[in-house]
Each structure stands twice: as structure tokens, then as C-alpha cells.
Amino acid sequence: QPMALALWSRLESRGFCGCDPYDALSASRLPRWACASGVGSRIITQVVKHSPLPLQPLLGVEPSDDAYTLGHALLAAVRLDVWSTRVITRLRELAWHDGALVAWGYHFPVHTRFFSYAPPTPNLIVTAFVAKGLAAATREGLADCREELRGAAEFVLQSLPRLADHTGRCFGYVPGERAAVHNANMLAALLLCEAAELCGEEAWIDEAVACAQFTVARQAADGSWPYSEEPYGRWVDGFHTGFVLEGLARVVTATGDEALHAALQRGVRFYVAQLFGPGGEPKYYPHRAYPFDALSAAQGLETLHVALGGTAAAAVPGQLEWALEHLVRPDGRVAYQVHRGWTDWREFPRWSSAPLMSALAGVATQEGAT
């Protein structure tokens, strides 16, 4: 808990603002022609992301807060008992509304080989992590966020495209995008379970089960899932696998479904055996360890210690110690990635500091309860 509090203090003192690995296209000093094509936009984004030096100040990218960071901050505030209305007030200011629908998105233009969209386009990933924080605050009686949770569930059910077949259904990542992305689909399931429990909508549990059944039907024989069913998305990585397992664990908790539980166990065995090293380090890919990524470490702690607990929490010895030794400084600064022979200490609240803060707070809460 002391380290989670150090992260909280550092982020709070900065208004939860910072730069992001993917925010290059919000630069004020980029010539317009440089971003005129998809290839140019992608190249600029990747150069800034992979630079060992922070290029955002040179390009005129202003540090900003964002809903994803604040969703993790809200969850950490509940877990650390450092409640502040500032975080939830700002989340409500950043919310996208369409009638009764509520959702959140990134504050910067997104351009990858998979998706391209401009702010304030809402997306499933940000909305799910905000909903997780809202649900925690509501359960603890710190705020009544049921209206936002209901709106977020309706956003998923009404605004996102879905693929459906005899195995179940899969929700799209953003409005208009039908690609089957498993981690997004399982975060939709998590959101629907959280909202169903607090809003009394049992039908949403059925929707979450259908999501889980779709994704479980596409689990590989070794227990893994690809990022996407699309030909360009067939890789497996650490933090996306953690998202899938956390969402699946939430559905199993809500339903007790034995078939889903068996798939969860297969997935956890793969995760533990293939996506962590002998010292607890979080591997990026099963076949390639480096770079050791802060988000992979954070999601590993959240998945194994908080979402699963018990034997899963002990399945990767040294996981917590590795993160504290290699990613965090005493003043609360969090590294972005650890490479072979050097560490990238650029600060990215959304990607690194906030997820690790909420995960460390969750581990402390779990340990305090045992």
C-alpha cells in the first residue's frame, strides 16, 4: 500500500495529467501534410511511441488528463481509502452522452493499423475501465454511479456493432467497427456484469455470458486467445490476455458456469506458463520477453491477485517484487518499459502509472482481507 499511495500522490499532484505513448497526432507543431495519409499518421505515432526520449514537448503535445487514467484513479481511491470527489467530477465532465447512453474515449486522435478515430469518439476499452471504477465507488457507498453504469451498459448494447453466431456474440471496439477483438469483448462482459449487479438488470448477465461463450469457443488448444479473429490480429500478448481472463473471471463469478470456469483455468495455465518469466517478469509475447512493459505487469497483478486470487495469486512467485524493483521509484515515478540493458523512464499515466497504481492498491486490499 505505501507504494500505491506514492503513485497516487505523484499523479494527484499533477492533476492526473501527462503524455501518452500514442498521442503524437495531437501535436500542435506537426505540419499538416505529415498527417495527411494513414501511413504518415502511423509512422509519426510509432516514432514517438518508440523514441527513448520524450518527443511530445518538442512536438507541442500538451499533457492532459484522460478518462482511462481517471477510471483507474477512481478504483485506486476506493481501494486506498483516499476518496476525492475531484476524480469522479472530472469523469462526469469527460463523459460522452447520447440521450441516456454514456461512454468515454481517448483525448487524442487514434491511428493504428487496426483502428482510426478522432476524439471524443467513445470506445469500449475506456468505458469498461471507467465503469469498473464507478462500480467500486458505488459498492462502497462513496457515490451513486448507477445512472452512469446503466448508460454505459446501454452504450454497449445499443451503439456498438456485434457479431453473432451459434457460439455467442462479440461486441465491436468502437461504433462502426465490427472486428472481433477478444479483450474488448470480454471487457464488455465485465462491464455488463458490474452494471447488472448494481442496477438489477439480470438480462445483462445473459448478454455477458454470450460474450464469454463467443470468446471461449475461439480459445486455442494451448489455452490462449489471439488479439483478434482478423488475419492481421493473430498474435498473443501479455496484457490483452490479462484483460480476457479478468473479464472471463467476472462472468464466472456472476454465474458459476462450469464450462466457462474450465476455459478460465486453461487460460490461466497458459498465462502463467507462457507470459511470465522465472523471476516474475511480465513477458510481452510468449516467444519474446522484452520489452517488459508496465501495463503487462499491472494487468498481471490485477488478473492473478485481484480478479482470481487464491492459487492464482501465488502462481507467479516474485511477480509483485519484480514490479516494485524494476518499474517504480520511491517518489512514485513509474517506468514505461524495461529493455535489455536499459529502462525507459518516460512517464505515461494512462499506460503505466495509473494501471499499476490501481493494481498495487488491489493487491494491498486483498492481502489486508486475508
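The values are calculated or read from the model by the stated rules, or taken from the named source; none is laboratory data. These numbers come from a predicted model, not from an experiment. With ideal geometry, Cβ positions are generated from the backbone for all residues, glycine too; neighbour counts draw on all protein chains shown. Ligands, DNA and RNA are excluded from the accessible area calculation, which covers all protein heavy atoms including side chains. Shrake-Rupley method; radii C 1.70, N 1.55, O 1.52, S 1.80 Å.
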Q | Hey, A249 within 17 Å of the chain's Cα centre (by Cα), open to solvent by less than 60 Å² (accessible area, probe 1.4 Å) and either modelled with pLDDT of 95 or more or not charged (D, E, K, R) (or both) or not | A | yes
Q. From the set of residues in the stretch 317-338 that are of a type in the set (V, I, T) and open to solvent by 10 Å² or more (accessible area, probe 1.4 Å), which is farthest from Q1 (Cα to Cα)?
A. V338
(Q) Just the residues that are surrounded by fewer than 16 Cβ atoms within 10 Å (Cβ to Cβ) and out of contact with any Phe, Trp or Tyr (no Cβ under 6 Å at 6 or more places or on another chain), please, taken from the stretch 266-282. (A) R269, A273, G277, P278
Q. Within the stretch 339-356, can you find the residues that are of a type outside the set (D, E, K, R) and either open to solvent by 10 Å² or more (accessible area, probe 1.4 Å) or under 28 Å from C193 (Cα atoms) (or both)?
A. H339, G341, W342, T343, W345, P349, W351, S352, S353, A354, P355, L356
Q: Working only within the stretch 343-370, note down all residues that are without any contact (Cβ under 8 Å) to a residue 24 or more places away in the chain, of a type outside the set (S, T, N, Q) and over 17 Å from L320 (Cα atoms).
A: W345, A369
**Q.** Selection within the stretch 143-195 - aromatic (F, W, Y) and open to solvent by 10 Å² or more (accessible area, probe 1.4 Å)
**A.** Y173
Q. Of G280, G256, G233, G238, which residue is touching a residue at least 60 places away in the same chain (Cβ under 8 Å) and more than 19 Å from R178 (Cα to Cα)?
A. G238
